[in-house]
Amino acid sequence: MGPPPVVTGISPKEGPPGTRVTIRGEFLGTSVTDLIGLKICGCDCLLSAEWKSKNKIVARSGPCKGRGDIIVTTRSGGEGTSTVQFRGYHESIGPVKESAVWVEEAAPPSLPWGRRPMSPTTYIPPDPLGLSTEGDDCKFPEEELHEMFPDGSGKLSDDNFQPGWYLLEHHSNTSFEDLKAGMVFLQRKVESQKEGQLSFLKANTGAVMDQLDRLVLLKNMYEEDERKNGKEPLPSLQAAIEESITLADSLFSEILSRKDNADKTREALSLLTRHKFLFQLPASIDRNIRKKEYDLVVNDYTRVKNLFGNTDVKLFQKILGEIDKKIEDLKEKLYNRMKTMPINVQEQIKYIRLLISLNWEGDAAWVAINSRKDYLMSLMNKVKDHFKQKEEQEFSDKNKRKLKEAESEASALSAQLHALWPLARRYFAGELAGEPTDHQRQAQLKEMIIAAVELFSDHMRTCLLSGTGSKNLPIDALRVRLVANLRHMREAYEELIKLDLPSQPLSIVEKVIFDYRVYGMTMFLQRAHKRVKGLAEKETWKIEEFTDYGAITNLPHLLETYTEEALSAIHKCVSGGGRREGVLLAEGGEPARAAIKLTQGLLLAYVAVLQDLALHLDDTQEFNNNNLSVALEQRIEEGASNSRSWQQRLLLAGTNAHYTRRVTLTNISEAFHNYGFPAPTEAIQATKEALSTLESTIAETYLEHKGDPLVGTIETSMDMGRHKTDADAVIDDARPYVYEIINNLIAVHAEVDGVCGAASSRYVRLICETVCEELARLAACAPGAELVAPQAAFQARLEHTLLHVATAEHLTRKAENYLMEALSTIPPLENEEEKKRMDSIVEGFKKRMELQLASLNCNMETV
């Protein structure tokens with residue numbers, strides 16, 4: 001025998017019959033079957049008891065009244081005790097009983113009165129076996145259940161309930177031992193419910209008998225009422241109702257009469273107020289117009305129209321006519337103000353809405369849009385005309401004027417489109433009485449925007465792309481002007497993008513910006529071209545540097561500097577693109593081809609400058625045909641640039657061309673690459689060819705003016721004295737003309753080497769070739785070999801041999817052939833003794849002429 005149950009707490013502590021009571025305590029039973037009795041205030045409540053645990057029971061109170069204990073009885077502990085009490089009471093409910101329930105009058109009529117039935121889908125009955133159901137992961141497939149039980153169901157409340165379905169669905173993985181335990185639990189639960197019902201009836205026999213007595217009493221009362229009033233009680237009920245109505249009318253007649261009087265008084269006051277409003281409205285309209293309180297005017301006018309619009313009273317009609325006239329004047333005033341520019345867009349929208357409210361005939365918003373468009377066009381024309389009047393000012397002021405004109409037009413376009421485009425969008429959105437589906441006006445608006453942008457573009461082209469004075473601007477001023485103008489146009493373009501305009505007007509501005517960038521590129525290259533063409537005036541013939549290709553002046557460096565400055569300015573000012581702008585010098589694009597063409601023109605202009613400097617010689621400078629050895633004294637000295645001879649200038653032009661072809665053009669090509677521009681391959685190649693041709697022309701010119709006089713002295717010197725070689729004379733040296741030829745060649749070499757350096761061999765070889773050709777010609781004109789005396793033949797062979805020895809380093813294949821041709825006309829040496837004597841004389845010649853030969857053969861590198 002265990003400890004008896006003890007109840008230590010209840011909730012709630014009082015209530016009418018049927019109150020759900022939660023009982024807490026100790027030793028309240030070990031299971032459902034262990035609980036065999038429960039009394040609340042002496043009433044048996046076991047039938048409604050739900051055992052939760054050994055410390056908790058939930059039950060409903062019976063028809064008890066007053067305070068009483070809660071007694072729990074268990075098999076294991078017997079009858080228990082209680083430390084708390086429950087108070088039961090009965091409520092009297094009638095038609096006059098106050099209710100704490102608020103009935104919502106606006107409740108939907110479809111909502112049924114009374115308790116809401118529980119949805120069958122929300123109620124999940126507990127497992128009858130007392131086992132926990134398995135989760136969704138362990139459920140038996142529903143398709144197989146339908147195949148096994150075609151007409152069955154697994155729901156406990158269905159008529160076709162199948163236990164097998166239920167077990168497979170909820171306990172397919174439960175062990176057999178657990179199922180047996182669940183079966184025992186189900187049997188005990190059924191037995192306990194049977195025992196509870198029987199004990200309930202036994203415990204409440206008195207209450208049942210009392211209810212039967214009440215039913216008998218109700219039956220007797222109904223029969224008594226039927227005997228008194230008969231079987232038809234409706235006439236008496238109707239009489240009672242009519243009597244109630246009469247009494248009610250007598251009670252409320254005075255109140256209703258007072259209500260009628262109050263309504264009449266209120267109506268009279270309202271009529272008086274209306275008339276007062278009508279008579280005072282004209283003065284009120286004037287006052288509000290002066291204060292610019294147009295909204296009040298519109299509200300008052302709308303109100304008076306609603307009140308007196310259909311009146312037949314003549315006085316009222318007269319006043320309404322006066323009011324209509326004032327409103328018409330106001331409409332005209334608002335219309336004019338809406339059209340008058342400049343005006344803030346918000347204020348313009350306000351006037352449009354006022355006109356719409358006043359039923360203005362016409363489309364006020366569309367008129368406003370056209371007014372803004374016309375104002376924008378006229379404003380840009382005025383800006384152009386204003387600055388055009390100052391064309392006669394000084395050049396610097398003119399450039400500032402163009403800069404301000406571009407800035408003013410860009411600002412005007414941006415500001416006015418910022419007002420026009422939002423106004424148009426509101427119009428087509430229907431906010432300003434516009435029609436969103438009016439495609440004709442949408443097309444007209446598009447044409448307006450495009451026309452405004454095209455006018456702006458035309459003015460920008462006229463202002464910025466005219467090129468007037470730009471070529472004469474200093475490089476810094478030109479750069480500042482281009483950057484400022486591009487900035488203004490890009491700012492205007494950014495504002496247009498923010499407005500979300502169609503692509504067509506945006507593309508127009510994009511084209512102007514791109515064209516201006518191309519224009520800037522062209523201006524920089526043309527300016528460099530002009531500066532290069534002016535290099536002839538800057539040539540002082542002062543040697544700036546001795547290079548591997550000879551002495552050069554400042555011209556190649558100036559060409560590179562001018563080109564570098566132009567490329568740098570293009571890169572900084574116009575090469576970089578803004579938002580949505582394309583690459584300026586894209587490979588294969590038209591601007592890139594134009595840049596290459598301009599570059600080629602610039603470089604060829606440099607070639608033309610060199611050619612002009614080289615070939616247009618001073619006619620007063622003539623050659624000294626009689627004494628070419630004087631050229632030895634005309635060595636090029638640094639600092640003597642103003643006293644350069646024409647020969648030195650010609651040679652300097654040649655070295656400048658050579659250096660430009662080998663070095664400067666390469667540097668220019670690298671500059672294009674460093675700035676990210678397409679390589680001007682065609683321009684570089686064309687310039688190289690032109691420079692190479694110029695070098696050949698310079699060499700031929702130098703040979704013509706220097707070599708021809710030298711060659712012309714050979715025959716004269718050779719025949720000087722017209723003496724003949726004696727047959728018995730001993731030949732031990734060459735005649736003077738040989739030494740004269742060598743000295744002349746040394747003089748030429750000295751002059752060329754002083755300017756051309758290692759490249760001087762080209763000029764010396766050409767002159768040697770001319771000399772050899774002349775010797776061959778003279779040899780061909782001499783008597784035949786059979787008529788030449790041996791000593792004369794020895795003399796001629798010796799002189800040709802000495803010339804060959806002296807000029808061996810400068811002889812070309814063609815010159816060698818000329819000498820061989822000359823020697824072929826001279827009889828050969830007769831014996832070895834003559835050959836030895838020839839060799840002896842040659843060796844003596846080399847020793848005597850060692851210094852001269854060294855001077856002639858120095859710096860013979862081939863370039």
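The values are calculated or read from the model by the stated rules, or taken from the named source; none is laboratory data. In this text, all values refer to a predicted model and were calculated from it rather than measured experimentally. Quick reminder, even Gly has a Cβ in these numbers, built from the backbone with ideal geometry, and neighbours come from all protein chains shown. Please note that ligands, DNA and RNA were not included when accessible areas were found on the heavy atoms of the full protein model with its side chains. Shrake-Rupley method; radii C 1.70, N 1.55, O 1.52, S 1.80 Å.
Below are the figures for this structure:
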item	result
For His673: the one exception among (1) in a helix (DSSP H, G or I); (2) touching a residue at least 12 places away in the same chain (Cβ under 8 Å); (3) under 17 Å from Lys597 (Cα atoms)	(2)
Residue in the stretch 496-506 that is assigned to a helix (DSSP H, G or I), farther than 14 Å from Trp421 by Cβ and open to solvent by less than 10 Å² (accessible area, probe 1.4 Å) present	no
Filter result (outside any loop (DSSP other than H, G, I, E, B) and open to solvent by 70 Å² or more (accessible area, probe 1.4 Å)) within the stretch 291-302	Asp295, Leu296, Asn299
Residue in the stretch 308-338 that is least open to solvent (accessible area, probe 1.4 Å), counting only those that are acidic (Asp, Glu) and over 30 Å from Arg372 (Cα atoms)	Glu322
Test: Thr547 is buried (at least 19 other Cβ atoms within 10 Å of the Cβ) and either under 30 Å from Gln611 (Cα atoms) or among the hydroxyl-bearing types (Ser, Thr, Tyr) (or both)	no
Single unsatisfied condition, Val383 versus (1) at pLDDT 75 or above; (2) surrounded by 15 or more Cβ atoms within 10 Å (Cβ to Cβ)	(1)
Whichever residue in the stretch 737-770 is within 19 Å of Arg813 (Cα to Cα) and open to solvent by 10 Å² or more (accessible area, probe 1.4 Å) and, among such residues, is modelled with the lowest pLDDT	Ala759
Selection within the stretch 29-46 - assigned to a strand (DSSP E or B), under 11 Å from Cys64 (Cα atoms) and open to solvent by less than 30 Å² (accessible area, probe 1.4 Å)	Ile40, Cys43, Asp44
Neighbours by Cβ (under 8 Å, 6+ apart or cross-chain): first from the stretch 522-542, in contact (Cβ under 8 Å) with a residue 24 or more places away in the chain; second among the basic types (Lys, Arg) and open to solvent by 30 Å² or more (accessible area, probe 1.4 Å)	Met523/Lys471; Gln526/Lys471; Arg527/Lys471; Lys530/Lys471; Trp541/Arg649
The stretch 1-21 residues that are under 16 Å from Lys65 (Cβ atoms) and part of a loop (DSSP other than H, G, I, E, B), paired with ones that are open to solvent by 40 Å² or more (accessible area, probe 1.4 Å) and of a type in the set (Asp, Glu) (beta carbon under 9 Å, 6 or more apart)	Pro16/Glu91
Tally, over the stretch 156-169, of residues that are at pLDDT 80 or above and either in a helix (DSSP H, G or I) or within 27 Å of Ala181 (Cβ to Cβ) (or both)	9
Close pairs (8 angstrom Cβ cut-off, 6 or more residues apart or separate chains): within 15 Å of Ala792 (Cα to Cα) and acidic (Asp, Glu) in the stretch 810-838, open to solvent by 50 Å² or more (accessible area, probe 1.4 Å) and part of a helix (DSSP H, G or I) anywhere	Glu830/Pro790
Selected residue [over 30 Å from Gly62 (Cβ atoms) and either in a helix (DSSP H, G or I) or open to solvent by less than 90 Å² (accessible area, probe 1.4 Å) (or both)] from Asp213, Asp263	Asp263
Filtered residue count, the stretch 49-78, keeping only those that are touching a strand residue (DSSP E or B) at 6+ places or on another chain (Cβ under 7 Å), open to solvent by 40 Å² or more (accessible area, probe 1.4 Å) and within 13 Å of Ile23 (Cα to Cα)	7
Check on Lys305, surrounded by 10 or more Cβ atoms within 10 Å (Cβ to Cβ), of a type outside the set (Gly, Ala, Ser), in a helix (DSSP H, G or I) and touching a helix residue (DSSP H, G or I) at 6+ places or on another chain (Cβ under 9 Å)	yes
Top-ranked residue in the stretch 339-368 [being exposed (fewer than 15 other Cβ atoms within 10 Å of the Cβ) and assigned to a helix (DSSP H, G or I); ranked as nearest to the chain's Cα centre (by Cα)]	Gln346
Residue in the stretch 515-535 that is touching a Gly at 6+ places or on another chain (Cβ under 6 Å) and open to solvent by less than 50 Å² (accessible area, probe 1.4 Å) present	no
Tabulated pairs, the stretch 449-470, first under 12 Å from Met489 (Cα atoms) and charged (D, E, K, R), second modelled with pLDDT of 75 or more and surrounded by fewer than 22 Cβ atoms within 10 Å (Cβ to Cβ), C-beta under 8 angstrom, 6+ apart or interchain	Arg461/Asp515
Yes/no for Leu455 being at pLDDT below 75, crowded, with 17+ Cβ neighbours inside 10 Å and in a helix (DSSP H, G or I)	no
Residues satisfying the stated conditions in the stretch 584-608, i.e. surrounded by fewer than 20 Cβ atoms within 10 Å (Cβ to Cβ), at pLDDT 70 or above and of a type outside the set (Gly, Ala, Ser)	Glu590, Arg593, Lys597, Gln600, Leu604
Pro282 vs. criteria in contact with an Asp or Glu (Cβ under 6 Å, 6 or more places away or on another chain), at negative phi and open to solvent by less than 100 Å² (accessible area, probe 1.4 Å)	yes
